[in-house]
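Here is the structure we will look at.
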Amino acid sequence: MNIRLILFLCIFITISCKNDKSENDLTENQLQTNSTDTVEEMEFKVVDSRFIDNEELWAPFQSDLSEFTGEVYEEVKALVFEKSIPQIQQSIDEGKLTYEELALFYLSRIKEYDRDNELSLNSVIALNPDLLKEARQKDELKSKVANHHLIFGIPVLLKDNINTAAMPTTAGAAALQDNDTQDAFIVERLKENGAIILGKANLSEWAYFFCGECPSGYSAVGGQTLNPYGRKIHDTGGSSSGSGVAVAANLAPVAVGSETSGSILSPSSQNSVVGLKPTVGLLSRGGVVPISSTLDTPGPMTRSVIDNAILLSAMTGVDQKDPASKAAGKKENNFYSDLKQTDLKGKRFGAIKSLMEDTLYLRAVNDLRNAGAEIVEYEAEEINLPNFIRLLNLDMKKDLPEYFKNYGGEPRFQNVQDVVDYNSEDSLGRAPYGQALFLGIIKDSASTEEFTAIKDTLMRNGTRFFEKPMKEYKLDAVLSINNYHAGFAAVAKYPAITVPMGYNSQNAPKGLTFIGKPFTEQQLLQWAYTFEQTTNRRKTPENYNE
């Protein structure tokens, strides 16, 4: 079977498999490791975008960038590069830096590294044409706004399935190039808290539920996103590929991704950044191009845990139009002010025995033990997740038309069939890897009773996978690698956070993933922060240090 098809299926099927070593070798990121732990380059049908016009993209910024000299760049870099949001804000408060300079710094790096050169990453699809104007406005307002949110004036990159009025929302698809929309609810919240939208990040097209045999990080609009730790060698992970890559290479301070099953955890761990998949309902999905209203959630992707908590906090709030957000009822929250470096005495974490052969995981588990945590090694129960893809098929079949009706700005399309027909008019340009998964959506159907039974079984099985050991061993969280158990967390609606834990012999990053009970984000962030601060395992990709 084609390795890319296997890789995709593992995101949605094999994550539900047994957890002995032979089965675990088939999980997504292990397949990515097995297929990319080599100096041989990956081969792609398409690398560069056929849709992005670079002259048009950069036209709004040319004059300002021409005045942003190399000398000024270096001065700003010393204050910004690899810095956290609190560190950046401190430099601004001290008068050493402006929000306009901050925006110009990231524009300069995107122009230098993202397209049409030997180091290009293809992580950014679009730029906010009003970015610099909005940054200047923040500079004028900063002394007038008391106690502003820490996200104030910080440029935020959005995965290109998240609506914003500043740019079309394409989901990476040629069909949605003219999808001009209003802001998604979480974008409204970001702006209310003072954030500036930097641009849109490339993604695996339609959030990796479209073509089946396409590589992660590919979209028709954005081209092929590449991993800065090994261009064409290491997989980017998906579907929030551009968000992870851009943050890793310091092309953006922070980014927003979205996850159905592994789409934040995978690219975060693959690109050595921190990624949080929140409990479904903590953040609104209103105005986010859907796969599954049952499982979808946006979430923050950042270089540090403190920035993750800040970005998460800036997006919270109850969206009355999103049933999951309304049901959760979680109002604005501050997840960052109480983060502190502390020991983990009294905390009990479950380490899955089949993962203990991974030397990076073993080291990370020992790091937690040395920080005071109690580690309980246990055999994970063999539990399946039947009809996982059917859940996605059936949800997207109804959810995408609702998005087009309620949030979309492209009236030509009303459903999946319309998109398939459009792509079929120019398959080479619009769908070079085919559209097998969309065709599967069209063919699938179920009665209301059958669909309810599918969802109930998946949630029950996923919850059991975590709940049983948590109760038996009195665990606070389960420890995993990358997105190895993202499918279980998805259907159980459990939150998860991944933190860089090191690099293998081929310099491929891996993340330690904490999985906790619903709405335990504050605890997950604290545990992740302690691990991060006591290990400091993340390193900048070496070709992107200039």
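The values are calculated or read from the model by the stated rules, or taken from the named source; none is laboratory data. Treat the numbers as computed from the prediction; the structure is a model and nothing was measured. For neighbour counting, all protein chains shown are included, and Cβ atoms are generated from backbone atoms with ideal geometry for every residue, glycine included.
What to note about this one:
- Scope the range 52-82; condition of a type in the set (D, E, K, R) and in contact (Cβ under 8 Å) with a residue 60 or more places away in the chain; matching residues: ASP64, GLU82
- Subset of the range 101-131 (residues that are closer than 23 Å to THR169 by Cβ, small (Gly, Ala, Ser) and either modelled with pLDDT under 95 or part of a helix (DSSP H, G or I) (or both)): ALA103
- Test for PHE413: is it surrounded by 17 or more Cβ atoms within 10 Å (Cβ to Cβ), under 30 Å from GLU472 (Cα atoms) and touching a Phe, Trp or Tyr at 6+ places or on another chain (Cβ under 8 Å): no
- A single entry from SER204, SER123, SER143 fulfils the requirement of being buried (at least 24 other Cβ atoms within 10 Å of the Cβ), of a type in the set (Ser, Thr, Tyr) and more than 22 Å from PHE404 (Cβ to Cβ): SER123.
- Residue match in the range 258-266 (condition: touching a Ser or Thr at 6+ places or on another chain (Cβ under 8 Å), surrounded by 24 or more Cβ atoms within 10 Å (Cβ to Cβ), in a strand (DSSP E or B) and not hydroxyl-bearing (Ser, Thr, Tyr)): yes
- The residue that is nearest to ILE264 (Cα to Cα), among those in the range 130-156 that are among the basic types (Lys, Arg) and in contact (Cβ under 8 Å) with a residue 24 or more places away in the chain, is LYS138.
- The number of residues in the range 109-149 being under 21 Å from the mean Cα position of the chain (by Cα) and among the hydrophobic types (A, V, I, L, M, F, W, C) comes to 6.
- Scan of the range 288-347 for residues that are among the charged types (D, E, K, R) and farther than 23 Å from VAL491 by Cα, ordered by number: ARG303, ASP307, LYS331, GLU332, ASP338, LYS340, ASP343, LYS345, LYS347
- Looking across the range 477-516, the residues that are under 16 Å from VAL273 (Cβ atoms), part of a strand (DSSP E or B) and aliphatic (A, V, I, L, M) come down to ILE481, ALA496, ILE497, VAL499, MET501, LEU512.
Results for (1) hydroxyl-bearing (Ser, Thr, Tyr); (2) farther than 19 Å from LEU475 by Cβ, shown as yes or no for each residue.
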{"position": "GLY329", "(1), (2)": "no, yes"}
{"position": "ASP338", "(1), (2)": "no, yes"}
{"position": "ILE352", "(1), (2)": "no, no"}
{"position": "LEU355", "(1), (2)": "no, no"}
{"position": "LEU360", "(1), (2)": "no, yes"}
{"position": "ASN366", "(1), (2)": "no, no"}
{"position": "ILE375", "(1), (2)": "no, no"}
{"position": "TYR378", "(1), (2)": "yes, no"}
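- Cross-chain or 6+ apart pairs with Cβ under 6 Å, the range 301-323 first and within 17 Å of VAL280 (Cα to Cα), then charged (D, E, K, R) and surrounded by fewer than 24 Cβ atoms within 10 Å (Cβ to Cβ): MET315/ARG189; THR316/GLU332; GLY317/ARG189; GLY317/GLU332; VAL318/LYS331; GLN320/LYS326
- With respect to the stated conditions, ASN504 is surrounded by fewer than 16 Cβ atoms within 10 Å (Cβ to Cβ), of a type in the set (S, T, N, Q) and either within 18 Å of the chain's Cα centre (by Cα) or farther than 21 Å from GLY281 by Cα (or both).
- Matching residues in the range 370-404 - criterion: being crowded, with 17+ Cβ neighbours inside 10 Å, of a type in the set (S, T, N, Q) and either touching a His at 6+ places or on another chain (Cβ under 7 Å) or in a helix (DSSP H, G or I) (or both): ASN393
- Here SER292 meets the list (1) closer than 17 Å to ASP160 by Cα; (2) of a type in the set (Ser, Thr, Tyr); (3) touching a residue at least 60 places away in the same chain (Cβ under 8 Å); (4) in contact with a strand residue (DSSP E or B) (Cβ under 9 Å, 6 or more places away or on another chain) almost entirely, failing just condition (4).
- Among the residues examined, GLY194 does not qualify as assigned to a loop (DSSP other than H, G, I, E, B), in contact (Cβ under 8 Å) with a residue 60 or more places away in the chain, over 24 Å from VAL46 (Cβ atoms) and small (Gly, Ala, Ser).
- Residues that are assigned to a strand (DSSP E or B), touching a residue at least 60 places away in the same chain (Cβ under 8 Å) and either in contact with a helix residue (DSSP H, G or I) (Cβ under 6 Å, 6 or more places away or on another chain) or among the basic types (Lys, Arg) (or both) within the range 157-180 comprise LEU157, LYS159, listed in sequence order.
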